[in-house]
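What follows is a short report on a single structure.
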Amino acid sequence: MMKILKKGFLILTIIIFSGFGQVILAQSTKIRGRIIDSETKQPLPFVNISFKGTTIGTTSDFDGQYFLETRNPEDSLHVSFVGYKERVFKIQVANFQTLNVELKSESFDLQEIKVVPGENPAHILLRKIIAKKEKNNPAHFDSYEYESYTKMEMDLNNINDDFKNKKIMRQFQFVFDYVDTSVITGKPYLPVFITESLSDYHFQKKPRVEREVIKASQMSGINDNASLAQFTGQLHQNVNIYENYIDLFNMGFVSPIADGGLRYYKYYLTDSAYRDGNWCYHMSFKPKRKQEPTFVGDFWVTDTTFAIQNMQMRIAKGVNLNWVKDLVSNNEFQKLNDSTWFLKKQNLFVDFMLTEKDSTKQMGFFGRKTISYRDVKINPPIKEEIVKLDNNVIVKETALTQSKEYWDNARPFRLSERESGIYSMVDSIQNVPLYRNIIDVIQTFVTGYYVHGKFEYGPYYKLYSFNEIEGNRFMFGGRTSNDFSTKIMLNGHLAYGDKDNKFKYGLGFLYMINKLPRETFGMQYKHDIQQLGKSPNAFTEGNILSSLLKRNPNNKLTMVNQLEAHYEKEWLQGFSNTLKFRYRDISPTKYVPFGNTVINGGDPIAGITSTELELRTRFTQNEKMVMGEFERVHLGGPFPVFNLYLTMGMKDALGADNEYYKVDLSIEHTVEIPPLGNFYYLLNAGKLFGKVPYPLLHLHEGNETYAFDPYAFNMMNYYEFTSDQYVSLFVEHHFNGLILNRIPLFRKLKWRTVISGKGLIGSLSDKNNGTLTNSDAKMLFPQGLSDVSKPYFEASVGIENIFKFIRIDAMWRLNHLEDNPYQDFEEFGIRAMFQFTF
């Protein structure tokens, strides 16, 4: 089973990271090797290597390594370096080959040379490049448009004979005819996922408009999936070398031509030559220090305009980045007129490794992407019909059904016979039973549901749990699968506790009216226990982890009967409304009593009911997201996310007698501050108008487990503080190795520091303050619950990236430290969480 999981995890990660890659140029001529001095055996950097008679070439890096690739049928390789005898080698066309070269030094009679001390000419050239950056940056244009072809591929690598001969691989033998070798790493690989798209892209700076219309899209093994087709487009992958920092895997890498580049890089002016009719200078660069988010590589820059003609970057060795063994980015620019340059082609290659072991033996995978740009137009007026499109990425109805002939004409190159066969090979993998079994195991582990036919059983982590109210809790649940329908999803569960001897249950559905833009309708009814005052990120009721990781008795649960219906409408990408109707009947327990005040008679209250209408407005811009058939995962973006909730409580014929109004606003954002890391903040504010019992007030989000909850006050208990108006602020800064990278031991461990702080202040009006028995409030507060007119603060210092998955925080409760016989709180605590980060 563990072997299946290990191999299955590879397949899963391939799916997760399918947003990264560079085009595979199978059937092209690929050469890699190392160049050394024939006498000293020392590596030679800056050696010129090119296909003879062409401008297709490269230079050796600081270790003498080089790689070169072309689709052209070139059969000779030319190697030259000042002070050495040049050499020409015959090569095999349309094959991979390793060519290590030894160069012999050449003697010259030179006249006396007088060396005049002065500034490094590479630094002079760099300052001229920086001075022209704004003009040469494509982002400075008022508007532009182009047609782009994007191809992405995911490949399993280190495919060797031992792997092919494993018993588990017998059903996959037909795929090994497509094994190729990477020119960058020299590793053999096997394509397992391919996607292509052809798009028209439109950009306008003011007012900002970004639109991508996908005209054609095809994917191996995936049919009729317009939502996935979105992510083959240009909007979600962007490497702009003219920006000071390049965001890769949520880490800001310093651009080689950043304004402060001299603080991070060493530069070398190595050559000058005419290239495509332009006099150009060649520069190489490497980082000054270890483990900083920097690159090693080279670029050609034109004279006069000082625009980059071509730049190749490779992440520096030892960068504190998880899962990524190697990354190479190549950016080629085209000249549109005498002073204007624009992208022509971008390639990105990523070598993902799951472990830190010997990368030449451990299996991993490659991600490859190429984008070709053509028909570029600068400063065109953007058409009104483009502005009116209701989404940043539009997939045309015919995009997924284009013919082979259409693709043959659309690609900027012709596919070889072998490349064309890769599509059918990858599709064939889907039909192998073993592949399906592996996918089932991994999907169950990640989603919590086991899919069988038209039904999904789960979630498995709720099958058994325990708490002080129910005792041992057993639950069986599930939902319909995509095989049942991609328009409607039904769900339900049944639970039983052996202490209270009661059944709990829930039923509901979600109907997908429209996927893009999203429009849904759903209903849900449940009769079950619920933890009031928990954060949206907390363990759900019945989760075994909430039982195992509790730090206080798990007894503050409440029985709730709830009927909820919603209608969700996305008007534009990033702008949506959700209207909800919610009816709740909440019952007390001996641990969470509903006591009456003396003024109201003092008799216990049997329960409360409420009927609410809630309107949620959500707004952001240029947000990344991943979509399934019914669910969305928001990945954030360059702008804050605003959420506004307007809630109205009503009296009704069902017995609800609580009339009130609530307004809640949240602003959430992660700000990249390279090279200092990233800063996250969440600002919440709310106010309730009316008189309500305490379960309908804002019960501030506590956490009574040892699991770190980013959306809760981790040192606060449930039912400790409540308000009818409040403001809270959560802040967190991730240093991404900035501090610990400077300490040798921690540099090797690749641990990272994180600090956070949380604050809250609120108040209670007299009519809602149930702390006193003679209060006029609708309900007496349980012992230990109070207002938070005195601000509450907590802070933490943590280490993350422990074994790549674990974060551990030391936390301090900074005030409200007075003895409270009804609240068993900690002044200091340790919290931990699992997280997946690069």
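The values are calculated or read from the model by the stated rules, or taken from the named source; none is laboratory data. All of these numbers come straight from a predicted model, not from anything done at the bench. Neighbour counts are summed over all protein chains in view; Cβ atoms, including those assigned to glycine, are modelled from backbone coordinates with ideal geometry. Just so you know, the surface numbers come from the protein's heavy atoms only, side chains and all, with ligands and any DNA or RNA stripped out. Shrake-Rupley method; radii C 1.70, N 1.55, O 1.52, S 1.80 Å.
Label separation (D177 vs E119): 6.2 nm, computed from points 7 Å beyond Cα along the C-beta direction. Expressed per residue, the C-alpha convex hull volume of the range 253-297 stands at 77 Å³. Per-residue ellipticity at 222 nm computed for the chain from its helices equals -3000 deg cm²/dmol, with DSSP H segments shorter than 4 residues left out and the rest contributing -39,500 (n - 2.57). You can think of it this way: the chain between L532 and S789 has 90.4 nm of extra reach, that is 0.36 nm per residue less the Cα-Cα gap. Modelled this way, with points 7 Å down the Cα-to-C-beta line, the labels at S485 and T401 are 2.4 nm from one another. Overall, the accessible surface of the range 282-383 at a probe of 1.4 angstrom is composed of carbon and sulfur to the extent of 47 percent.
Its alpha carbons considered, the range 447-546 gives a radius of gyration followed by a Dmax of 15.0, 47 Å.
With both bridge residues required to lie in the chain, what share of the DSSP beta bridges run antiparallel, to the nearest 5%? Antiparallel: roughly 95 percent of the beta bridges in the chain.
Classify the range 610-739 from the C-alpha gyration tensor, please: rounded if a/c falls under 1.5, else prolate or oblate depending on whether a/b exceeds b/c. Judged from the Cα gyration tensor, the range 610-739 comes out prolate (a/c at least 1.5, a/b above b/c). Given their separation in residues at 0.36 nm each and the Cα-Cα distance between them, N431 and S105 gain 111.5 nm when the chain is fully extended.
With 32 Å as the limit, write out which pairs from K580/K778; K266/K758; K30/K133; K85/K344; K462/K515; K205/K750 have Cα-Cα distances beyond it, or answer none. Result: K266/K758; K30/K133; K85/K344; K205/K750 exceed 32 Å. Remark: the chain carries 47 Å² of accessible area per residue (probe radius 1.4 Å; ligands, DNA and RNA excluded).
The stretch between V82 and E519 holds 150.8 nm of extra length on full extension. This uses 0.36 nm per residue minus the Cα-Cα distance.
So, with a 1.4 angstrom probe, what is the percent of accessible area on the range 718-838 that is carbon and sulfur? C and S atoms contribute 66 percent here. For K748, a cut-off of 20 angstrom between C-alpha atoms picks up these lysines, skipping any fewer than 8 places away in its own chain: K288, K290, K317, K325, K357, K804. Reported value for the range 703-800: 100 Å³ per residue, from the convex hull of its C-alpha atoms. According to the square roots a ≥ b ≥ c of the eigenvalues of the Cα gyration tensor, what is the shape class of the range 582-648, taking rounded for a/c under 1.5, prolate for a/b larger than b/c otherwise, and oblate for the remainder? Because a/c hits 1.5 or more and a/b exceeds b/c, the range 582-648 counts as prolate. Dipole of the range 728-771 (Lys/Arg Cβ +1, Asp/Glu Cβ -1, origin at the Cα centre): which of F746, G770, H734 lies farthest to the positive side? Of F746, G770, H734, it is F746.
Derived from the Cα gyration tensor, the three semi-axes of the equivalent ellipsoid of the range 654-715 are 33, 17, 7 Å, largest first. Apply the a/c threshold of 1.5 to the C-alpha gyration tensor of the range 381-448 and tell me whether it is rounded, prolate or oblate. Verdict is oblate for the range 381-448.
Taking N as the residue count of the range 470-521, its C-alpha radius of gyration divided by 2.2 N^0.38 Å amounts to 1.56. Sorting the segments 335-348, 381-394, 468-481, 184-197 by their mean number of nearby beta carbons within 10 angstrom, highest to lowest, gives 184-197, 468-481, 335-348, 381-394.
Based on a Kirkwood Rh over C-alpha pairs, give the Stokes-Einstein translational diffusion coefficient of the chain at 25 °C and viscosity 0.890 mPa s in µm²/s. Rounded to a whole number, D works out at 80 µm²/s.
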